[in-house]
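First up is the structure itself, then whatever we jot down about it.
The values are calculated or read from the model by the stated rules, or taken from the named source; none is laboratory data. None of these values were measured; they are calculated from a predicted model. Here the Cβ positions follow ideal geometry from the backbone for every residue, glycine too, while neighbour counts run over all protein chains shown. The accessibility values were calculated without ligands, DNA or RNA, using every heavy atom of the protein model including side chains. Shrake-Rupley method; radii C 1.70, N 1.55, O 1.52, S 1.80 Å.
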Amino acid sequence: MRSLYVCLSAVLLSVSVRGHTDSANGWSITIADGVRAEEGGSAVLPCSFTHPDTHLTLTGSILWYKGKSRALIFQCTDPGPDHSQGELCENVIQWDGGNRFRFVGNLSNKDASIMMEGLSREDAGSYRCRVELNINNFGSGKGTRLKVEDVQGDVSVVSGTEGDSVTLPCIFRSWDSHTLTTVTWMRKEPYQHIVTFPAQSQGTWTTGHGGNRYELIGNLWEGNASIRINQLSVRDNHTYLCLVEYRSKHNLLYLIQKETRLQVHADSANGWSMTIADRVRAEEGGSAVLPCSFTHPDTNLTLTGSILWYKGKSRALIFKCTYPGPDHSQGELCENVIQRDGGNRFRFVGNLSNKDASIMMEGLSREDADSYRCRVELNIDKFGSGKGTRLKVEAAQGNVSVVSGTEGDSVTLPCIFRSWGSHTLTTVTWMRKEPYQHIVTFTAQSQGNWTTGHGGNRYELIGNPEEGNASTRINQLSVRDNHTYLCLVEYRSKHNLLYLIQKETQLQVHVKTQPAQYVSVYSLVIPLLILLLLLIVIVIIFITFRKKGGGSQQMDPTTVLKRNDPGSSSIPGTDQAQQLTAPDQDSSILYAEIDSNRTGGKRFTNSLSEGHQDNSRLCAKIDSNRTGKWLHLGGFELLSRSEMR
């Protein structure tokens, strides 16, 4: 099985404890005089106390203050004996701008110690301890002086296989003129004693408060307190602290503390492995993806079964869903979802067919900061991660990131983050939150260059990730881009351990519309054009119809004239054409002129010849619609040729 490693932030902690004690009325409180620790590492600030009511169950609060102003930086409440473990100290309040303080004491043991993680130069200062209990209040008059130094040495990370042995290194520089007394190994999270080796006469060492699984194999006089752990188990997946104790002739205590991370893999003989992120940082109110992938030997078998996630030391089940078969290979179709976190905040975003059991947590709060473990219970076997993913929930920086753009334009999705120590920045990946879908990946190259992969030309990395800016521009916006996006910044340690920083941004894309004045003009012009076109068509049809229908009804220039005699018939009695002879000189002669150039009508000009003095010129316009009808003109009847027929 390929070796998997867990991330470590190397720490060299040097503590000078003078055993400074303040006492009054049967009370006393003891803290360290000075603490030296490395930047990016951790530091334990010890605080123990005594009180006269030895048989009383203690409840109350633990408080820590910083600087001359004694600004409150940490407070938690211990409600009673059922919550005596440090990790269960409730109602934690931190004013340092992040979830960096952790109570590692035990009120029942009169221990109010805390641990600071992710140290920076700004953390250097004086810290005071105080307890406000159900019996009384008491605090240290003097503070513990914390000094943060540059990082020294390499990262200590070791790995082993279940059932085998492994060596945890602890190489240190001896403390001159003082006496080396004990070597103690502690588990960092949860903070717990593992084994102690007390010094004996003639340079011998005995094992106490541990067991046969732990062997001191280093030579302490040469600055080597390394130990071997035998019969490894996945339960040994932890970070360990090596505390080498020196005493001065005045019984002052000096501690050298080194940190080592151990990764235990399951037996590779069965072909199983599981990979998770070592740490994930996300913001309060946002979302966090907890990745989990696995391998198994039955590569051609269709997988069915359940995905489970557990929280904290107690491994309380917080999420479970069931995969019924290949027809439900998409993560959103994982069925029979069970959530025990008090809300519908977990969502399966993996794909069992792709051996992906990842989940997403939404609506993050400080209480979500903890360790999370992944497990699969499939039709072929069961397998789980021995160690957990440590989720750190930080205070949100500024307002929620919401950007908007117009269809067809461009917009920038911001992704501003704080870099992760001395690790290597490898990729920046943008994911669509719902449905959970990959968008684009930018991969780091040599000399600070970045390449775009698995995306397209629409996406441009415009920020400089090395400076904590992975902002990305989306070109040619579409309404389909209306989504919430996650920016996943990935760091790798030199042992290929995974660190993730996640930021959330919402994008709103508006439909592009025409200006209002153009809309009103178009709304008037278009109907008018349509109406005009219809009128033209109607006129053309009408003209064509009239030309065809009226051509047969044009009158001959020699129109029949007939005396309008009451005694004579005004209607021809036969179908034969009647021709009138030329009129006499005294007869009234009617000339008819037809102007056939007028479309849609004929104009007749009727002239009476010179005859009788009372005759006059008569002009008449005959509408073509009356063609074929009798027209009375000055005592004559004008009959069209078609009517004569």
So SER306 passes all but one of these: (1) modelled with pLDDT under 85; (2) over 24 Å from SER493 (Cβ atoms). Which condition number does it fail? (1)
Residue check: is SER353 in contact (Cβ under 8 Å) with a residue 12 or more places away in the chain, more than 30 Å from GLN508 (Cβ to Cβ) and outside any strand (DSSP E or B)? yes
Every residue in the stretch 314-330 that is touching a Ser or Thr at 6+ places or on another chain (Cβ under 8 Å) and either modelled with pLDDT of 85 or more or at negative phi (or both), please. LYS320, CYS321, THR322, TYR323, PRO324, PRO326, SER329
Looking at GLN447 and the list (1) farther than 16 Å from ALA282 by Cβ; (2) assigned to a helix (DSSP H, G or I); (3) at pLDDT 85 or above, which single condition is not satisfied? (3)
Run down LEU72, LEU88, LEU63 and say which single residue is of a type in the set (A, V, I, L, M, F, W, C), open to solvent by 20 Å² or more (accessible area, probe 1.4 Å), under 25 Å from GLU284 (Cα atoms) and modelled with pLDDT of 80 or more. LEU72
From ASN351, ASN336, ASN300, grab the single residue that is at pLDDT 80 or above, out of contact with any Asp or Glu (no Cβ under 7 Å at 6 or more places or on another chain), open to solvent by 70 Å² or more (accessible area, probe 1.4 Å) and farther than 20 Å from LYS387 by Cβ. ASN336
Among the listed residues LEU477, LEU488, identify the single one that is modelled with pLDDT of 90 or more, open to solvent by less than 40 Å² (accessible area, probe 1.4 Å) and outside any strand (DSSP E or B). LEU477
Restricted to the stretch 450-470, and to residues that are exposed (fewer than 14 other Cβ atoms within 10 Å of the Cβ) and modelled with pLDDT of 85 or more, which residue is nearest to SER422 (Cα to Cα)? GLU466
If we keep just the residues of the stretch 159-200 that are among the aliphatic types (A, V, I, L, M), under 30 Å from VAL234 (Cβ atoms) and at pLDDT 85 or above, which is farthest from the chain's Cα centre (by Cα)? VAL183
So, of the residues in the stretch 137-158 that are open to solvent by 40 Å² or more (accessible area, probe 1.4 Å) and not in a loop (DSSP other than H, G, I, E, B), which turns out to be farthest from VAL92 (Cα to Cα)? GLU149
Residues (hydroxyl-bearing (Ser, Thr, Tyr) and touching a strand residue (DSSP E or B) at 6+ places or on another chain (Cβ under 6 Å)) located in the stretch 340-390: SER358, SER371, TYR372, SER385, THR389
I need a count of the residues in the stretch 31-60 that are open to solvent by 50 Å² or more (accessible area, probe 1.4 Å) and either at pLDDT below 80 or closer than 18 Å to GLU122 by Cβ (or both). 8
Residue count, the stretch 104-136, condition touching a Lys or Arg at 6+ places or on another chain (Cβ under 7 Å) and either open to solvent by 40 Å² or more (accessible area, probe 1.4 Å) or of a type in the set (Gly, Ala, Ser) (or both), comes to 5
